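Since the structure comes first, as structure tokens, the remarks are kept for the end.
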Amino acid sequence: MELTHTAMIAAAVSGAVVGLLLAVFGGGGSVLATPALLYVVGLDDTHLAIGTSAAAVAVSAAVNLLGHARSGRVKWPCAGVFAAAGLAGAVAGSSLAKQVDGQALLTLFALAMAAIALSMMRRPKAAGDPLVHISWPLTLRLAPIGLATGLAAGFFGIGGGFLIVPGLMAATGMTLAHAAASSLLSVSLFGAATSANYALSGQVVWPVAGLFILGSAGGGWIGLKAAGALAQHALLARRLFAGLVLAVAVYVAWKGLSG
């Protein structure tokens, strides 16, 4: 595509919005990246948008991960097992997605968005063990969930945080805050694996990804600051964001079905 000044600004602004949402909400925060690249920036191919967004989201998640790591919220051993198991799934999922027709993939992506929105409507469980440590029983629970989540993340080109967070909580019993922070390691690695797979087929627009990443860095910094301010209204904010995701899902489904 021709990278006009308008498209460059749109890519940076879209990245800032996604980076902010990823920092504030963790799971589900990156799901608007592909629709933004398609309908705001102007990429004209679904696979290009997915490959490019995966690259941008991987870096954005890594930046936000550093912020959470400095605060001591990342459970590295548990996060590492989950992410390592999911990498194979991400490669397999993205390889499969490249073989699917773009319009059909867009419709399936809309269904995934709707599922993400509905999952975000639920009141998350805040209880958990803040002192959880890795063990063989936990490893045996983490690995298969990580593999399945990586498969979904690779296929849809999303971070997969909306699956990773409850997966980490269910497998380990860690708190929501630790799961949201720890999920960013998987979001980053799954995105990197997916974008690398698409890049091998020439389906990543690197200048757009770079601008998106620059924007997401600024948005992520604002999001980390905003997360504390929204703590008292976290559920309301999460549900409002879920409503936005659901509305975008309807639009994406309409575009996918109408061709």
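The values are calculated or read from the model by the stated rules, or taken from the named source; none is laboratory data. Everything numeric here is computed off the predicted structure, so don't read it as measured data. Glycine gets a Cβ as well: all are built from the backbone with ideal geometry, and neighbour counts include every protein chain shown.
Brief remarks follow.
- The set of residues from segment 176-194 being more than 24 Å from A114 (Cβ to Cβ) and either in contact with a Ser or Thr (Cβ under 8 Å, 6 or more places away or on another chain) or not in a helix (DSSP H, G or I) (or both) comprises A181, A193.
- Selection within segment 30-47 - in contact with a Leu (Cβ under 8 Å, 6 or more places away or on another chain), in a loop (DSSP other than H, G, I, E, B) and at pLDDT 90 or above: L43
- Close pairs from segment 128-142: first modelled with pLDDT of 90 or more, partner hydrophobic (A, V, I, L, M, F, W, C) and surrounded by 12 or more Cβ atoms within 10 Å (Cβ to Cβ), Cβ under 6 Å, at least 6 apart: T139/V81; R141/A171; L142/V81; L142/F82; L142/A171
- Test: residue in segment 73-80 that is closer than 27 Å to A16 by Cβ, β-branched (V, I, T), touching a residue at least 24 places away in the same chain (Cβ under 8 Å) and out of contact with any Asp or Glu (no Cβ under 9 Å at 6 or more places or on another chain): yes
- When A192, A199, A180 are checked against the criterion of being surrounded by fewer than 21 Cβ atoms within 10 Å (Cβ to Cβ), under 14 Å from the mean Cα position of the chain (by Cα) and either in contact (Cβ under 8 Å) with a residue 24 or more places away in the chain or over 20 Å from G89 (Cβ atoms) (or both), A192 stands alone in meeting it.
- Boolean, V204 is at pLDDT 85 or above, closer than 19 Å to V41 by Cα and either charged (D, E, K, R) or part of a helix (DSSP H, G or I) (or both): no
- A single entry from G80, G72, G27 fulfils the requirement of being among the small types (G, A, S), closer than 18 Å to L189 by Cα and either modelled with pLDDT under 90 or in contact with a strand residue (DSSP E or B) (Cβ under 9 Å, 6 or more places away or on another chain) (or both): G27.
- Of the criteria (1) over 17 Å from the mean Cα position of the chain (by Cα); (2) of a type outside the set (S, T, N, Q); (3) surrounded by 24 or more Cβ atoms within 10 Å (Cβ to Cβ), which one A12 fails: (3)
- If you go through segment 41-53 and keep only what is crowded, with 24+ Cβ neighbours inside 10 Å and among the small types (G, A, S), you end up with A49, G51, S53.
- Of the set (1) within 19 Å of V17 (Cβ to Cβ); (2) in contact with a helix residue (DSSP H, G or I) (Cβ under 7 Å, 6 or more places away or on another chain); (3) at pLDDT below 90, all apply to W221 but (2).
- Every pair of residues 6+ apart whose Cβ atoms lie under 6 Å, when the first sits in segment 85-113 and is closer than 28 Å to R141 by Cα while the second is outside any helix (DSSP H, G or I) and at pLDDT below 95: M113/V31
- Just one of the listed residues (S95, S60) is among the hydroxyl-bearing types (S, T, Y) and closer than 18 Å to I164 by Cα, namely S60.
Residue-wise test of (1) surrounded by 22 or more Cβ atoms within 10 Å (Cβ to Cβ); (2) more than 14 Å from A153 (Cα to Cα); (3) of a type outside the set (S, T, N, Q); (4) more than 16 Å from the chain's Cα centre (by Cα).
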residue	(1), (2), (3), (4)
A55	yes, no, yes, no
S60	yes, yes, no, no
P77	no, yes, yes, yes
S95	no, no, no, yes
A117	yes, yes, yes, no
M121	no, yes, yes, yes
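- Segment 160-205: number of residues that are of a type outside the set (S, T, N, Q) and touching a Pro at 6+ places or on another chain (Cβ under 6 Å): 1
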